[in-house]
Structures are given as C-alpha cells and as structure tokens.
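A quick write-up on the structure given underneath.
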Amino acid sequence: MAAQSSKAKRKSASTSQSSSRKKQKRVVDSISELPWKSVSRPANSGFEGDEGILELEEVDDVEIVYEETENGRVMKFKVSESTLDDAQNNETSGEDEDSPLEETIKDDILEVEEDFDASVELPEWAAFNLHPLITRSLHKQKFMKPTPIQSSALPAALKGKDVVGIAETGSGKTLAYGIPILQYLLSQPPPSKLSTRSLKALILAPTRELALQVATHLRACIEEGDKGKSSGPPRVSVAAVIGGMSAQKQRRVLERGADVIVATPGRLWDLLQEDDNLASQVKNIKFLVLDEADRMIEIGHFAELDNIVRLTLRPEEDATVEGDVPPQESPDALQTFVFSATLSRDLQQNLKKRKRAIRKKSGSPSTTLDELLLKLDFRDPDPEIIDFSPKGGVVSTLKESRIDCVTKDKDVYLYYFLLRYTGRSLVFLSAIDGIRRLLPLLELLQVKAFPLHSQLQQRQRLKNLDRFKSTPNSVLLATDIAARGLDIPSVDHVIHYQIPRTADTYIHRNGRTARASRDGFSLLMCAPEEKRVLKALMSSLHREGENEIPEMPIELDLLDKLKNRIQLAKKIDVAQHKVKKEKHEKNWLRETAEAMEIDLDSDLASEEEESTNKRKEKDSQQTIALKAELKKLLAQPLVASGAYKKYLTSGSRAIVDDLLNSQHGEGLLGFTRSDAKTDLLNGKKTKAKAKKPAKVKSTTANEDGEWTGFDS
Ligand SMILES: Nc1ncnc2c1ncn2[C@@H]1O[C@H](COP(=O)(O)OP(=O)(O)OP(=O)(O)O)[C@@H](O)[C@H]1O
C-alpha cells in the first residue's frame with residue numbers, strides 16, 4: 001500500500017509538472033510501452049569480448065562469505081547448501097511471510113553511537129558526517145581514511161549531485177558511489193516491515209561476479225557496523241539480480257522488498273518484462289549507478305541496458321543554457337553515478353557537450369556511448385566529473401614488463417615465469433581454446449591452475465575463483481571475463497599471454513593486481529606478429545613506445561631445461577588427446593549407426609576393434625613411459641649454472657643455504673630468492689652496465705629478419 005501511495009503521489013506530481021513544462025523525453029509508464037519485448041543475445045563464441053556473460057546455466061545456493069586470511073580479507077563465493085535468499089537478505093528462514101522477521105526494523109543509531117566516536121576514531125572521514133553504522137563499518141574494515149576518489153566524489157554525491165568518476169583500478173570506486181546511497185537510505189525512517197521496502201537504488205554492472213562483489217561490499221558496509229548491535233533483518237537490504245542463478249529465488253527476494261538492487265542488465269531486464277511492480281519501482285528509484293559503463297555497452301547487452309535506462313527517465317525541463325543554475329532539486333529527483341577506470345576523454349567531452357546536443361536536438365548521437373549518455377537522466381546539465389585516471393593508464397604501484405618471444409615459445413616462457421616467481425598469477429588469454437590447451441599442460445607440470453571462462457557453468461566459475469583466492473601459489477587462466485572489477489586480494493602477477501587489443505583491456509586486466517596501493521607486477525608476452533598491436537596499444541596509452549616497458553631478464557640456462565619438460569608434457573597431452581579422440585569417434589560411430597538403425601559389419605567391427613585395442617595399448621604404454629619420464633624430470637631440481645661446482649667444492653652447506661634462499665624449496669637450486677620486480681630492476685641495471693651481454697637471447701630477429709626461438 002505504502003509503495004502504491006507513493007507511486008500515486010509521484011504520478012500526480014509528474015502530471016502537474018507535465019502540464020506546466022515542455023518535456024524533452026517521453027517517460028515510459030509501463031514496461032509494455034517499450035518497443036523491445038525481448039532481446040536476442042549473441043551465442044557464445046568463446047572469444048574475447050564475447051564471453052556470454054549473461055547466458056550461463058542456472059545455479060542455486062551460492063553464498064558469499066568473507067574470510068580472514070594471512071593476506072587480508074578474502075571474499076569467497078561459497079557454493080553451498082544455503083539459499084541465495086539467505087545470503088542476500090541475511091534472514092534466517094525468510095520463507096514465511098508472517099515470520100517475526102516482518103517485525104519492525106530497529107533504528108540502531110543511538111545504540112551504535114554509545115560506544116563509538118567517529119570524530120576521534122576516524123578523523124579523516126569526519127567531514128562527511130556519515131551515519132554511525134557506516135563509520136563503524138569503515139573502522140572495522142580498517143578503512144581509516146577515504147581514498148582520493150572517495151574524498152573527491154563524496155562531497156558532491158552527498159549533496160545530491162550527479163557524479164562521473166574516473167579513477168584507477170582498485171582505488172575504491174565502489175564506496176565512492178556506495179556510501180552516498182547507504183547514507184541516504186540510513187537517513188530515511190526505517191520501514192515498519194520488510195515488505196514495505198521500496199527500491200531506492202539500482203546499480204548495474206557488466207559481469208555477474210562483479211555484481212555479486214558490489215552487493216557484498218555494500219552489505220558489509222552495513223553489517224560490519226551493525227555486528228552484535230541488533231538482531232533481525234538488516235537496516236538496508238541489498239539484493240543481487242544476476243544471470244546464472246535461480247531467477248525464481250531472485251523473484252522471491254524482490255517480492256519481499258529490497259532497498260538496493262545490484263544487477264547485470266540481462267537478468268534484470270528478463271525480470272522487468274514479467275513484473276510490472278518491479279518495473280514501476282525501477283521507474284521511481286532515487287539512485288542509478290552504472291559501474292564500468294564503458295564495458296556494459298561493449299558486450300552486446302546495450303539493448304537491455306538501454307531499456308532499463310529508459311525506464312528510469314523522468315520528465316525533464318527544457319534544457320538550460322550553459323552556465324545556468326541547475327533545476328530546483330526535488331527529494332524524488334534521480335541521482336546518477338557513472339564510474340569506471342576507463343571512461344574515455346571522448347566520453348568526458350560528450351558529457352560536457354551533452355547540454356548543447358540536447359538543446360540543438362541535432363541529428364543522432366555519433367557513438368553508442370553518446371547515445372547512452374544522452375539518455376541518462378543527469379539532473380545537472382554539467383555533472384561533477386572527477387578524473388583521476390593515472391598517466392599512461394597504469395597505477396603507480398604497478399611494475400610493467402615484457403618478454404619478446406616467438407608464439408611457439410610462449411608456453412616455456414610462461415612456465416619459466418610461474419616457476420621462477422611464485423605467488424598468485426592471473427594469466428589472461430584471448431580465447432577459450434587457449435585456456436583449454438594450456439590447462440592440461442600446466443597440470444602435467446604440477447602447476448596448480450584453474451580456468452575461468454564463459455563456457456564453464458556459473459557454479460564452476462565461482463568455485464574456481466574461490467580456489468584461486470585461497471591457494472597461495474596458483475594460476476588463474478582466464479578470458480577477459482575476469483578483467484573487470486574483480487577484487488582478489490594478493491594477485492602478485494598479471495600476465496598477458498597475448499597483447500590485449502585495447503588500452504582499456506590492458507588497464508583493467510592490470511587492475512587485478514596492485515590494488516588499494518599494494519605492489520603489483522604485469523608481464524606482456526609479445527610475439528613478432530603482435531608487435532603492431534603493441535605499438536597501437538602504446539600509442540592509445542599515450543606512451544612513447546614498447547621500450548617504455550622494460551624487458552624481463554631471463555636466465556636462459558633455466559629456460560633450456562624447462563623446454564625439455566614442456567616438450568614432454570606436450571607429447572603426453574597429444575597422446576592423451578589422441579586416446580580421447582579415438583574414444584569419442586568410436587562412440588560417435590556406434591551412436592550414429594544406432595540412430596540410423598544400421599548394423600555395423602560385425603567382422604569389420606571386430607577387426608577394427610582388435611586393431612584399435614592394439615593401438616590403444618601401444619599408446620597407453622607410450623603415455624605411461626612419457627609420464628614416468630616427466631615425473632623423473634620434475635623430481636630433478638633445476639640447478640643454476642656454476643652451482644654444481646659450488647656444491648662439489650663447498651660441501652653440503654651450500655646446498656642448504658641455497659635451499660633456504662630459494663623461494664621454491666626443493667625445486668630450484670642455486671637461484672637466489674627474488675621477486676619479479678627486483679629481477680626486473682636488477683636486470684635493467686645489469687644491462688646498463690654490461691658492455692656485451694654474455695648470452696644474447698635468440699628471440700630477436702636474426703640478420704635475415706627471421707624470428708627464431710631460443711637455443712632451438
Ligand atoms: N577507504 C579505503 N581504505 C582502504 N581500502 C579501501 C577503501 N575503500 C575501499 N577499499 C578497498 O580497496 C579495494 C578496491 O576497492 P574497489 O573494488 O571499490 O576498487 P575499484 O576502484 O572499484 O576497482 P576496479 O576499477 O578494478 O573495479 C577493495 O578491497 C576495498 O575493500
């Protein structure tokens with residue numbers, strides 16, 4: 001009822017406005033008015049930029065939990081028995097409409113204030129005068145001061161202004177838009193019952209994982225501050241609406257009422273089409289956030305995003321002339337936030353030109369982003385634009401490096417890097433096929449690797465992400481599905497197995513490391529045929545050239561030894577693949593014959609079977625032998641050149657020292673403990689001092705201009 005009466009009020013307000021003012025945009029009153037009833041979606045091709053982010057299987061029962069680890073607080077997607085509803089609303093059973101949870105929601109301000117003085121504990125947040133639940137949570141999470149983007153965005157956002165925020169990856173953009181929303185919600189009288197909550201904020205994000213992460217981050221901001229203070233339903237309810245999870249459960253959560261929805265556009269649009277009540281709530285939201293707006297328009301879901309944005313449009317006054325005072329603020333006015341690490345200069349220009357473009361109503365906008373921005377209901381003709389994009393696109397705590405090598409040697413170089421510099425490494429590949437090829441290879445080499453791409457079930461995606469988060473020395477082989485927004489603590493290295501095609505991709509991929517002022521390392525693997533792409537990348541990053549990214553020093557002796565291991569692993573993989581393929585073909589033949597009701601010639605079949613069995617036997621013996629050989633190789637420590645002599649002359653003590661100094665325990669002997677950044681810096685120094693390199697890497701072009709692999 002309450003929701004209905006407020007809707008009625010809004011409607012009459014908008015009607016009276018409409019009689020006195022000329023509208024710029026038509027306001028959509030019902031979902032059925034929209035020209036798009038259903039949106040066709042591209043099939044998964046498995047290639048970069050087409051990860052089918054919203055098209056995967058339904059997954060129930062994924063819970064998000066925080067876990068304290070030695071590397072800090074880790075968010076985990078727990079694929080468990082508990083229901084999505086429980087995780088989303090922190091309600092116990094939550095199923096029963098008449099349960100005690102429907103009782104009055106406590107306003108806890110006084111209780112929280114009793115034992116916590118934010119002006120003393122968090123002086124740097126004091127100027128924002130935040131609700132005690134928020135400050136308490138910031139304190140608990142050890143966010144002792146706002147990050148620069150938060151400091152700059154909060155004053156304008158808390159005053160009700162529209163904000164466009166551009167800041168480096170990992171710089172705290174989520175709370176820059178999240179705190180103003182929570183502050184607003186906490187300043188409202190608490191609803192008397194859960195069911196009377198009406199939607200106030202809609203946050204749209206491009207990937208499911210990012211949407212879940214944002215929802216968790218916001219919930220933590222309320223729940224951490226409220227821990228042990230009050231029981232019952234949360235003061236602010238944040239629901240996640242994403243593909244790949246039960247739509248039924250999400251519907252139920254929404255029916256119960258949520259203050260904030262964090263959604264991927266595809267699933268939200270699906271629900272909106274069948275739920276007029278939800279559509280009318282979206283129409284009346286107070287906050288609209290586009291997180292990673294540039295990405296959302298890229299991945300083929302623009303139509304859904306556009307439809308949702310159209311729903312949020314309000315009646316608008318005639319465009320004002322530049323420099324005019326913005327229209328009178330109304331408490332119902334929509335506040336719009338657009339955030340990303342990579343909103344282009346073009347976009348910023350477009351925002352500035354927006355008013356003029358509207359006034360002139362001249363022609364159609366030139367890009368999809370223009371189109372979207374023209375549609376966004378920026379109340380201010382000139383929204384607050386905060387641009388903290390770092391020079392050259394990279395975070396100052398990130399060290400970049402590159403390896404030039406021929407394509408066929410990339411596996412060896414990758415293996416070298418993973419072995420030499422242990423830690424958590426996120427390897428980006430441009431196609432799913434590449435992940436499928438590399439994964440068994442790394443597994444044979446006993447490297448702990450997990451895949452992440454769109455053709456995995458959502459449950460598996462979240463599981464693999466969790467495993468990567470909780471395994472200290474591990475590798476995530478991912479497509480760009482993992483490039484945006486994911487906040488995985490302690491990713492030590494980001495490796496670009498192929499040169500990314502756009503500057504934005506490079507920036508966002510790198511942004512998975514060096515987050516929140518931590519150190520990070522990135523490695524570009526560049527084949528000769530990718531040089532042109534690298535050059536274009538450097539130019540769009542406004543960098544001078546590839547030489548601005550230093551070459552990673554490589555210990556060629558070690559590389560040579562690793563090559564043997566890789567070759568062996570590849571042979572085993574080929575042999576295993578052959579067996580699998582034969583089995584598949586045989587099954588196919590049998591199934592096809594059955595389907596066509598054809599009897600296979602029994603003599604021929606048994607002859608064939610006999611020869612297949614013989615071949616299989618031979619193959620499997622060969623595979624067993626190869627595996628044994630690889631096992632032996634893997635058991636032998638890799639010894640640095642000159643180290644044998646040292647061990648012979650100085651007895652076992654040196655070995656012990658080396659083992660102690662080696663980051664890799666028994667795996668590498670004679671190599672001193674180091675990390676990629678130190679080696680890169682030392683390598684650079686050595687290079688500068690050396691008159692002639694002792695060994696020239698043969699991965700550069702020879703005199704005939706041909707590219708060759710190392711020592712091959
Ligand atoms: N004021 C703060 N002080 C310390 N840490 C913070 C603060 N605000 C946020 N963080 C932490 O910083 C990390 C990065 O924040 P967030 O995910 O919001 O970054 P982002 O700018 O959105 O990154 P991306 O562009 O990659 O999506 C998170 O782990 C978050 O908990």
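Odds and ends about this structure:
- Filter result for residue 408 (over 30 Å from residue 215 (Cβ atoms) and either in contact with a strand residue (DSSP E or B) (Cβ under 6 Å, 6 or more places away or on another chain) or within 16 Å of the ligand (Cβ to nearest atom) (or both)): no
- Test: residue 631 is at pLDDT below 70, assigned to a helix (DSSP H, G or I) and not assigned by the TED database to the domain that holds residue 502: no
- If you go through the stretch 431-476 and pick out every residue that is part of a loop (DSSP other than H, G, I, E, B), out of contact with any Gly (no Cβ under 9 Å at 6 or more places or on another chain) and within 17 Å of residue 494 (Cα to Cα), you end up with 3.
- Residues located in the stretch 469-485, provided they are within 15 Å of the chain's Cα centre (by Cα) and either surrounded by fewer than 24 Cβ atoms within 10 Å (Cβ to Cβ) or more than 10 Å from the ligand (Cβ to nearest atom) (or both): 469, 476, 477, 478, 479, 480, 481, 482
- Whether a residue is in the same structural domain as residue 339 (by the TED database), charged (D, E, K, R) and either closer than 23 Å to residue 305 by Cα or modelled with pLDDT of 90 or more (or both) was assessed, and residue 256 does not pass this test.
- Subset tally (residues that are out of contact with any Ser or Thr (no Cβ under 6 Å at 6 or more places or on another chain) and surrounded by fewer than 18 Cβ atoms within 10 Å (Cβ to Cβ)) for the stretch 425-454: 8
- Some residue of the stretch 440-459 being at pLDDT below 95, within 21 Å of residue 506 (Cα to Cα), of a type in the set (Gly, Ala, Ser) and in the same structural domain as residue 503 (by the TED database): yes
- Filter result for residue 412 (at pLDDT 95 or above and assigned to a helix (DSSP H, G or I)): yes
- Meets criteria (among the polar types (S, T, N, Q) and either assigned to a helix (DSSP H, G or I) or not assigned by the TED database to the domain that holds residue 221 (or both)) for residue 137: yes
- Considering 597, 608, the condition of being modelled with pLDDT under 75, exposed (fewer than 13 other Cβ atoms within 10 Å of the Cβ) and not assigned by the TED database to the domain that holds residue 412 is satisfied by 597 alone.
- Yes/no for residue 137 being among the hydroxyl-bearing types (Ser, Thr, Tyr), touching a residue at least 12 places away in the same chain (Cβ under 8 Å), more than 22 Å from residue 509 (Cα to Cα) and within 12 Å of the ligand (Cβ to nearest atom): yes
- Comparison of 524, 534 shows that the only residue that is at pLDDT 90 or above, touching a strand residue (DSSP E or B) at 6+ places or on another chain (Cβ under 6 Å) and outside any helix (DSSP H, G or I) is 524.
- Considered as a group, the residues in the stretch 513-525 that are within 11 Å of the ligand (Cβ to nearest atom) and crowded, with 24+ Cβ neighbours inside 10 Å include one that is nearest to residue 429 (Cα to Cα), and that residue is 513.
The rows are residues; the columns are (1) in contact (Cβ under 8 Å) with a residue 12 or more places away in the chain; (2) touching a Lys or Arg at 6+ places or on another chain (Cβ under 7 Å); (3) more than 25 Å from residue 161 (Cα to Cα); (4) within 16 Å of the ligand (Cβ to nearest atom).
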position: 238; (1), (2), (3), (4): yes, yes, no, yes
position: 243; (1), (2), (3), (4): yes, yes, yes, no
position: 256; (1), (2), (3), (4): yes, no, yes, no
position: 279; (1), (2), (3), (4): yes, no, no, no
position: 283; (1), (2), (3), (4): yes, no, no, no
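- Answer residue from the stretch 173-190, given it is aliphatic (A, V, I, L, M) and over 18 Å from residue 234 (Cα atoms) and is nearest to the ligand (Cβ to nearest atom) among those: 175
- Selected residue (criterion: farthest from the chain's Cα centre (by Cα)) from residues of the stretch 488-512 that are within 10 Å of the ligand (Cβ to nearest atom) and over 20 Å from residue 422 (Cα atoms): 507
- The stretch 218-235 - residue that is in a loop (DSSP other than H, G, I, E, B), of a type outside the set (Lys, Arg) and in contact with a Lys or Arg (Cβ under 8 Å, 6 or more places away or on another chain) and, of those, modelled with the lowest pLDDT: 230
- Note on the stretch 410-446: residues that are of a type in the set (A, V, I, L, M) and touching an Asp or Glu at 6+ places or on another chain (Cβ under 8 Å) total 4.
- Looking across 160, 170, one residue alone is away from the ligand (no atom under 14 Å from the Cβ) and assigned to a loop (DSSP other than H, G, I, E, B). It is 160.
- Qualifying positions in the stretch 140-152 - within 11 Å of the ligand (Cβ to nearest atom) and within 27 Å of residue 383 (Cα to Cα): 145, 146, 147, 148, 149, 150, 151
The values are calculated or read from the model by the stated rules, or taken from the named source; none is laboratory data. What you are looking at is a predicted structure, and each value in this text was computed from that prediction instead of being measured. Cβ: placed from backbone, ideal geometry, glycine included. Neighbour counts: every protein chain shown.
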